[in-house]
Amino acid sequence: MEEVLSNQQARPGDATQLMHVIFSSDDEMMAFYLTLNRFMNPESYLVERTDRKRLEDLANTLYSNVAAFEAIRTYKSISVKEVIRGFGAHMMNTQISNTNRFQSADAVGTLMNCILNTTKNSWQFKKMDRNNNIHLQNVRYLLNRLDAAESNEEKNREEVAV
């Protein structure tokens, strides 16, 4: 692996170290993430797009997944005590119809089930969140490599023109 990394290949940061080890080169990593994008964003293959644009689409999808997991972590922090306190005050309001109270009870029951199920599966959310973060960092690494390659080509063209 050292031989591959010694060819001016920048090592990714700590977050990507584990995932980057499984790829023998940037080209192999690029092929993997373009294939992953084909599964996650099949619509990006319906029109002619560059590999950069497809990687950007994948990065946006992975970023959205990361944001969704962040929302789940935030949602988990809602305490049951707060929900019950607010719900109890709402249920005691005699100006609210019984129909509205039953609808509110259903909504709170659904919320409570969501909190319990999220808590039960928090280990899986953490694992999925970590995987999404690692993939996002790898895709950003590839995009940075494309930027560096493009700027080198630009410099070479300028030197040839002079």
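Some observations on this one:
- Within segment 121-146, the set of residues being open to solvent by 40 Å² or more (accessible area, probe 1.4 Å), at pLDDT 85 or above and touching a Lys or Arg at 6+ places or on another chain (Cβ under 9 Å) comprises just one member, 146.
- Pairs where the first residue, in segment 82-95, is under 14 Å from residue 112 (Cβ atoms) and the second is at pLDDT 75 or above and among the β-branched types (Val, Ile, Thr), C-beta under 6 Å, 6+ apart: 87/108
- For segment 88-120, filtering for residues that are in a helix (DSSP H, G or I) and either open to solvent by 70 Å² or more (accessible area, probe 1.4 Å) or within 26 Å of residue 69 (Cα to Cα) (or both) leaves 20.
- In segment 96-123, the residues that are touching a residue at least 40 places away in the same chain (Cβ under 8 Å) reach residues that are surrounded by 13 or more Cβ atoms within 10 Å (Cβ to Cβ) and outside any helix (DSSP H, G or I) with C-beta atoms within less than 7 angstrom, at least six apart or across chains, in these pairs: 115/78.
The values are calculated or read from the model by the stated rules, or taken from the named source; none is laboratory data. Keep in mind the model is a prediction, meaning the values are calculated, not measured. Using ideal geometry, Cβ is built from the backbone for each residue, glycine included, and neighbour counts are taken over all protein chains shown. Note: areas computed on protein heavy atoms with side chains; ligands, DNA, RNA excluded. Shrake-Rupley method; radii C 1.70, N 1.55, O 1.52, S 1.80 Å.
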